[in-house]
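> This is the structure, below, for whatever I ask next.
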Amino acid sequence: MMRLTIRDIQKMKDKGEPIAMLTAYDATSASLSETAGVPMLLVGDSLGMVIQGHQSTIPVTLDHMIYHAQIVTRVTQRPLIVGDMPFMSYNVSEEQALTNAARLMQESGVSAIKLEGGETIAPTIARIVQSGIPVMAHIGLTPQSVNRFGGFRVQGKEMASAQHLLRDAQAVQDAGAFAVVLELVTAPLSQMITEKLQIPTIGIGAGAGCDGQVQVFHDILGMFDALTPRHAKQYAKVGDMIREAIGQYVLEVTNREFPTELNSFPMSDDVLTALREAETANGASH
Ligand code: KIV
C-alpha cells in the first residue's frame, strides 16, 4: 500500500474533500487510526501532556519526538505522517532548524515536519522546504508560546491580531509550507484564511470553514481527564470504559475469579505425576 503524500493532501483541498487529521503517539493509537481511515496523522508534541503528564508541551525534546514518530511510521502504511518539531528545536538559527528537521525525518521516517510560527519563522520554513523536507506550519495559538500568550486564548478577535494572522498565513504559504494548522482562531477569520490560501488549512478550535480538522486522540475519545477543551468533541467515553474494565479485573483477581481454566494452560497427568515423584525423591535426598 502506498503512503499518501503531500500532493494527495493538496488534491483533497482542490476537490473540496475535508481532511480529518488526528494525533498518534504509539502503536495502538496509530494502528487504530489507520484502520479507521485517517489520511494524515500528527505525532504531536501534545504527547508532553497526554503521554508524559506535563502541564505543557515545553519539556518535550527532539529525542522524544523521534522515539514516538518511529513507532507511528513503523506500524502504519497509508497515512501521511507529520512529526512535530518540539520547543526550541528550530528557533535558535536556520542551521539548527535544518539539522533538527533532518534528524526527525531521517531517524523516524516521517514524511513531513510541523513547526509553530508565522511571518517570523517563514525564512526558516523556506530553508527547510528547499532542502526537501515538507513543512506543515502552525499559527494562531501556538502552544509552545503559551507563556508569552499568558494562557490558551482564542486568537484573531481584534482587528490588529486578525490582520497579523492573515499575514502569517500568507507568509507560511509563500515560504513553501504544504499546509497550515490554525489553532484557536475565530471561525470567520479561519474561513477567510482558507479562502485566501491555496494550501490546505487544518483547524483545531478554528471552526468549520477550514479545509480539514486536527484533534488530539485522547480528547476525541474521552481519555484525558485533566482537560476537556471546548474545541474537542468526545465521540466516546473510552476513559470511563477503561476504568470500569480495570476495576472489574482488580475485583476478579481479588476474588480469585480470574484466571479460570480458559485462561490457563494444562500439562499431561503423566508428566505431572513424574514431576511430583521426582520432586519428592529430591526432597528426601536432602
Ligand atoms: O501537538 C499537537 O497535537 C498539535 C495539534 C493539536 C495541532 O500541535
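The values are calculated or read from the model by the stated rules, or taken from the named source; none is laboratory data. Fair warning: this is a prediction, and the values are worked out from it, not measured in the lab. Don't worry about glycine lacking a Cβ; one is built from the backbone with ideal geometry, like all the others, and counts go over all protein chains shown.
> Among residues belonging to region 198-213 that are assigned to a loop (DSSP other than H, G, I, E, B) and not hydrophobic (A, V, I, L, M, F, W, C), point out the one that is surrounded by the fewest Cβ atoms within 10 Å (Cβ to Cβ).
Only one residue fits best here, namely Gln198.
> Confirm whether Ala126 is assigned by TED's automatic domain parsing to the domain that holds Pro39 and not in a strand (DSSP E or B).
Criteria met by Ala126.
> For region 170-187, what are the residues that are within 22 Å of Ser111 (Cα to Cα), in contact with a helix residue (DSSP H, G or I) (Cβ under 7 Å, 6 or more places away or on another chain) and within 16 Å of the ligand (Cβ to nearest atom)?
Residues satisfying the conditions are Val172, Ala177, Phe178, Ala179, Val180, Leu182.
> For region 16-25, indicate whether the set of residues that are surrounded by fewer than 21 Cβ atoms within 10 Å (Cβ to Cβ), assigned by TED's automatic domain parsing to the domain that holds Pro200, within 22 Å of Glu183 (Cα to Cα) and out of contact with any strand residue (DSSP E or B) (no Cβ under 8 Å at 6 or more places or on another chain) is non-empty.
For region 16-25, residues surrounded by fewer than 21 Cβ atoms within 10 Å (Cβ to Cβ), assigned by TED's automatic domain parsing to the domain that holds Pro200, within 22 Å of Glu183 (Cα to Cα) and out of contact with any strand residue (DSSP E or B) (no Cβ under 8 Å at 6 or more places or on another chain): present.
> A follow-up question, please. For region 188-212, enumerate the residues that are within 10 Å of the ligand (Cβ to nearest atom), in contact (Cβ under 8 Å) with a residue 60 or more places away in the chain and not aliphatic (A, V, I, L, M).
Gly205
> In region 219-234, how many are within 16 Å of Gly53 (Cβ to Cβ) and more than 10 Å from the ligand (Cβ to nearest atom)?
5
> If you scan region 172-197, which residues turn out to be surrounded by fewer than 22 Cβ atoms within 10 Å (Cβ to Cβ), outside any loop (DSSP other than H, G, I, E, B) and among the hydrophobic types (A, V, I, L, M, F, W, C)?
Ala187, Met192
> Of the conditions (1) small (Gly, Ala, Ser); (2) within 17 Å of Ala175 (Cβ to Cβ); (3) not in a loop (DSSP other than H, G, I, E, B), Ala102 fails just one. Which one is it?
All conditions pass for Ala102, except number (2).
> Assigned by TED's automatic domain parsing to the domain that holds Lys157, surrounded by 13 or more Cβ atoms within 10 Å (Cβ to Cβ) and modelled with pLDDT under 95: does that describe Met223?
Considered against the rule, which asks whether it is assigned by TED's automatic domain parsing to the domain that holds Lys157, surrounded by 13 or more Cβ atoms within 10 Å (Cβ to Cβ) and modelled with pLDDT under 95, Met223 comes out as yes.
> A further question follows. Taking the conditions exactly as written (in contact with a strand residue (DSSP E or B) (Cβ under 7 Å, 6 or more places away or on another chain), part of a helix (DSSP H, G or I) and more than 12 Å from the ligand (Cβ to nearest atom)), does Leu165 satisfy them or not?
On the way: in contact with a strand residue (DSSP E or B) (Cβ under 7 Å, 6 or more places away or on another chain): yes; part of a helix (DSSP H, G or I): yes; more than 12 Å from the ligand (Cβ to nearest atom): yes.
Yes: the conditions hold for Leu165.
> Identify, by number, the condition in (1) farther than 19 Å from Gln70 by Cβ; (2) away from the ligand (no atom under 16 Å from the Cβ) that Thr142 doesn't meet.
Only one criterion in (1) farther than 19 Å from Gln70 by Cβ; (2) away from the ligand (no atom under 16 Å from the Cβ) is unmet by Thr142, namely (2).
For (1) surrounded by 14 or more Cβ atoms within 10 Å (Cβ to Cβ); (2) under 30 Å from Gln198 (Cβ atoms); (3) more than 16 Å from the ligand (Cβ to nearest atom); (4) among the acidic types (Asp, Glu), each residue gets a yes or a no:
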residue	(1), (2), (3), (4)
Asp8	yes, yes, yes, yes
Ser29	yes, no, no, no
Ser33	yes, yes, no, no
Met40	yes, yes, no, no
Thr57	yes, yes, no, no
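> Tell me yes or no: at least one residue of region 67-75 is within 17 Å of Ala179 (Cα to Cα) and surrounded by 18 or more Cβ atoms within 10 Å (Cβ to Cβ).
No, region 67-75 has no match at all.
> Considering only region 63-78, state which residues are within 15 Å of the ligand (Cβ to nearest atom) and assigned to a loop (DSSP other than H, G, I, E, B).
none
> Could you tell me which numbered condition Gln55 fails, if it satisfies all but one of (1) of a type in the set (S, T, N, Q); (2) modelled with pLDDT of 95 or more; (3) in a loop (DSSP other than H, G, I, E, B)?
Failing condition for Gln55: (2).
> Which residue, of Val60, Val82, is within 17 Å of Asp26 (Cβ to Cβ) and either modelled with pLDDT under 95 or in a loop (DSSP other than H, G, I, E, B) (or both)?
Val60
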